[in-house]
Amino acid sequence: MSLVNFTTREITCKIVYYGPGRSGKTTNLQYIYGRVPDDRRGRMVSLATQTDRTLFFDFLPLELGSISGFTTRFQLYTVPGQVYYNATRKLVLQGADGVVFVADSQARQLEENVESLQNLQENLLAQGADARGMPFVLQYNKQDLPQDLVLSKEELDDALNFWGVPSFSAAALAGTGVFETLKAASELVLRKLSQEEPV
Amino acid sequence: MTEELNPKFSFETLVVGAANRLAVTAARTVAESPGAAYNPLFVYSPTGLGKTHLLMAIGQLAKQLAPQARVEYLTIDEFVEAHHAAVAAGQSEALRSRYAQIDVLLVDDVQFLTHRREMQAELLRIVQELQAAGKQVVLTSDCPPADIEDLDDRLLSRFDAGLLVDIGPPDAETRLAILLRRSEERAAEFGAGVLQAVAEFEVPNVRELLGLLNKLVAYQAVSESPITPASARELLAGEVRTQAPMTTGPAPALTATGEPFAAPPSERPDEFADFLSDVAHTVEEQVEAWRSRLGEAIMRWEAEGYGTGRLERLLDQDVPVSLDRVLRQFERDVEQLRSMQATMAKIDAERAEDPVFYDPDRLDEVDQLVQTALHEVGPPPGPSAAWALSSFVIGESNKLAHNSAQAVVKQPGVRYNPLVLVGPTGVGKTHLLHAIGHELAAHPGAVVACLSAQQLIDELVEAINNERVDIWRTRYRRATAFLLDDAHLLTGQDRTQEEVFHLFNELFDSQRQLAFTMGRVPREVEGLDDRLVSRLEGGLVVNIPSPDRELRRSIVVRKLHEDVGAADEELADYLAARPAESIRSVVGLLQRVIVAAEAQGVAPSAALAREMVEGAAPARPRVSAAVRTSGIMISPSGGVRSREKMVWHWPDPAQRVIEEMA
């Protein structure tokens, strides 16, 4: 997928929210959906199970209108976090321009976070992409839980952020940190424009 | 007399947009290499668009890059004042010498020179002096030099000779960028869309734009409710000199409807609008990045003296171009120009300075020019017409050499490169070498150099004497094949060996065929440079031994057919049976028999030959102290030289052989 098409003057960015099950990826998208004016958002597609767990994936198209003469679209996806849906994750990850990794800040979820991060790296490598070269940000979600249950941003940075990418504390249910994360990811993706040979 | 440079006015704090990009890039170039690129640099624009900022930014960067450099910024008023003070104090000369020591002179507001002829002359003198010393001069004015009333023509032409750039009023995007930066610097925060609303006012200059911002900041400080885009428009509408905000045309995405998006039912600020504004800013920066990269490329190539029309035309384009590709192509073209210019310089240094060599859009023309010049220089010596591959008589002893030659002809530069033919004198090495040359020359566009090592040495000596070694070298380097006869004669000729070595490398690298003949295998030739030996040995070294009986017979039969029309079988058998070291000695003996037969009025026969060889007086020793019948001379130094091969210009070799034989 091409990020920028100079001929048709379109910019299309695909950002994938990745992370372990129940870390709050869908919540991020839902919050964004709720803040977008009606005329800017497409229909949010969410294929969920009875228990509100993402079975397939969420998809939120955002029409940002004409920016510097370019029709700009963002496509936000989430992947299902559960371990057994790896085929779906691979599918969703294909052609991603940037990845937001939503980690669950709870101390007892640390292992799941690490596993999911490793899984992300494997899936990217399998596609010939490298997490280090891809616009990538970390979000430490659920920071609003009681302090004794969650790890601090510094602790999570130590445990997960070995690439030194931008990281954000968040409480997606209340919306804290959601747009900060999205902004950072978007900026990284868009900044890659000038580095890549346009089509 | 000199104002301090205001540290706030640096390149970092300058907002670059389409209207000032050229000026900023030129300024940066000047600051980075004072005196080298555009001298003088003359920037003009209406007031309030950043001329002074630019001047100071140049000064600061120049100072930063070369802390010892003397940078002076002054306005024309200060210049006049200082001059008058110096005159009054009788210190004119001291002032002049002070100016002469400046490395970067920045003069603001040159338009005030109007009607000040004396000051104009003074400035002219300073500019001339600084320019001559390679120092940088940058000037600004509110109008182009030609519009400055009563400006001295000499000053005018001097300004025109440098670079004149203007700065236009900022466009909407630049206005927004300026507002964002300034409000950030002042830690002033506005609701989403407010600054966009301000940017919509088409103010004529940056100062007035900042005035609007000031008003907004002040209003916000006293206002109870936060400013909205609509209230900002309303507030500022009366302040702006020009028209109200544009309501038509492409407005920023954020305010496409002219109103902010409906705030969601929450106390949070409009996060989405904020996000959108961020994205818009980044996209704009990135999308426009190509224009600024292009501008920088233009500056760079212009500074190096190359025409950049092709790139400049792209700047006018709306749609971004695939810049990497364009710049790569441009760079390749410049490389090609440089290479062709270097070739031309070897032929004719003066013609190599023709402006056409600096215009990448005229590559074809340049190519034509160089080709013509090369043609004038003349091709290297080619193979002799006397030796064709078809007339090369093949036997068991020279079959391998013949097959190798055919392979070379079929796939020059690929199969056997170099081909080295080794053998005693008179076995047909030269014949085969020239034959290869002939076949190769038949390829379209082929330039085959085929000559003896002695000829090469002599040519080089002559070229050195005439100081035309470059041309001599160029002549050979354009050859598509280089065939050198008697390469062992390079022994001890260090300079020629060096030239052959470089020539070898260049031709070999570009897969052009090389072939050599030698008396012995390269490693056994004393006095031949190791690097040449290894290169020659790295190809195919084929030995051509003395002719075997079958070959000797074939030669005799062919010769008899050519000379007397029919071959006497007995004579052929008799001559073939006699051992011979070379083809040349076989032919020599046969020639003597033919001549004797003609003298006696009989047909050449075995009996006559036997009588000549074995009968009567003992045959002349075949090898005398110095001369052989075949014309081979043995030089006192021990090297074998062929008289024939020592002749440089030999118009018709076939004719010459017959004459000598007769």
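The values are calculated or read from the model by the stated rules, or taken from the named source; none is laboratory data. Not measured: the values here are computed from a predicted model. Heads up, the Cβs are rebuilt from the backbone with ideal geometry, glycines too, and the neighbour counts pull from every protein chain shown.
Details
- Of all residues making up the stretch B:278-304, the number that are surrounded by fewer than 20 Cβ atoms within 10 Å (Cβ to Cβ), out of contact with any Lys or Arg (no Cβ under 9 Å at 6 or more places or on another chain) and of a type in the set (Gly, Ala, Ser): 3
- Qualifying residue in the stretch B:458-481 (condition: assigned to a strand (DSSP E or B) and crowded, with 17+ Cβ neighbours inside 10 Å): yes
- Qualifying residue in the stretch A:145-153 (condition: among the charged types (D, E, K, R), within 19 Å of residue A:108 (Cβ to Cβ) and in contact (Cβ under 8 Å) with a residue 12 or more places away in the chain): yes
- Looking only at the stretch A:161-187, and only at residues there that are part of a loop (DSSP other than H, G, I, E, B) and within 14 Å of another protein chain (Cβ to nearest Cβ), the one that is surrounded by the fewest Cβ atoms within 10 Å (Cβ to Cβ): A:174
- Scanning the stretch A:142-150 finds no residues that are at pLDDT 95 or above and not in a loop (DSSP other than H, G, I, E, B).
- The set of residues from the stretch B:254-290 being within 7 Å of another protein chain (Cβ to nearest Cβ) and modelled with pLDDT under 50 comprises B:256, B:261, B:262, B:264.
- Number of residues in the stretch B:391-409 that are buried (at least 18 other Cβ atoms within 10 Å of the Cβ) and in a helix (DSSP H, G or I): the value is 6.
- Positions within the stretch B:197-247 being at pLDDT below 75 and under 20 Å from residue B:277 (Cα atoms), in sequence order: B:245, B:246, B:247
- Qualifying residue in the stretch B:134-147 (condition: more than 14 Å from chain A (Cβ to nearest Cβ), touching a residue at least 40 places away in the same chain (Cβ under 8 Å), on the phi > 0 side of the Ramachandran plot and within 40 Å of the chain's Cα centre (by Cα)): yes
- Residues of the stretch B:99-121 that are out of contact with any strand residue (DSSP E or B) (no Cβ under 9 Å at 6 or more places or on another chain) and surrounded by fewer than 20 Cβ atoms within 10 Å (Cβ to Cβ): B:100, B:101, B:114, B:115, B:116, B:117, B:118, B:119, B:121.
- Test: residue in the stretch A:138-160 that is within 14 Å of chain B (Cβ to nearest Cβ), in contact with a helix residue (DSSP H, G or I) (Cβ under 8 Å, 6 or more places away or on another chain) and surrounded by fewer than 17 Cβ atoms within 10 Å (Cβ to Cβ): no
- In the set B:300, B:328, only one residue is part of a helix (DSSP H, G or I) and either at pLDDT below 85 or more than 11 Å from chain A (Cβ to nearest Cβ) (or both); that residue is B:300.
- Number of positions in the stretch B:10-62 that are within 20 Å of residue B:170 (Cβ to Cβ) and polar (S, T, N, Q): 7
- Among the residues of the stretch B:491-501, none is identified as in a helix (DSSP H, G or I) and over 33 Å from the mean Cα position of the chain (by Cα).
- Pick from the stretch B:303-325, criterion closer than 18 Å to residue A:69 by Cα and away from every other protein chain (no Cβ under 14 Å), ranking: modelled with the highest pLDDT: B:315
- For the stretch B:478-525, a residue qualifies if it is among the hydroxyl-bearing types (Ser, Thr, Tyr) and under 11 Å from residue B:422 (Cα atoms), and exactly one does: B:517.
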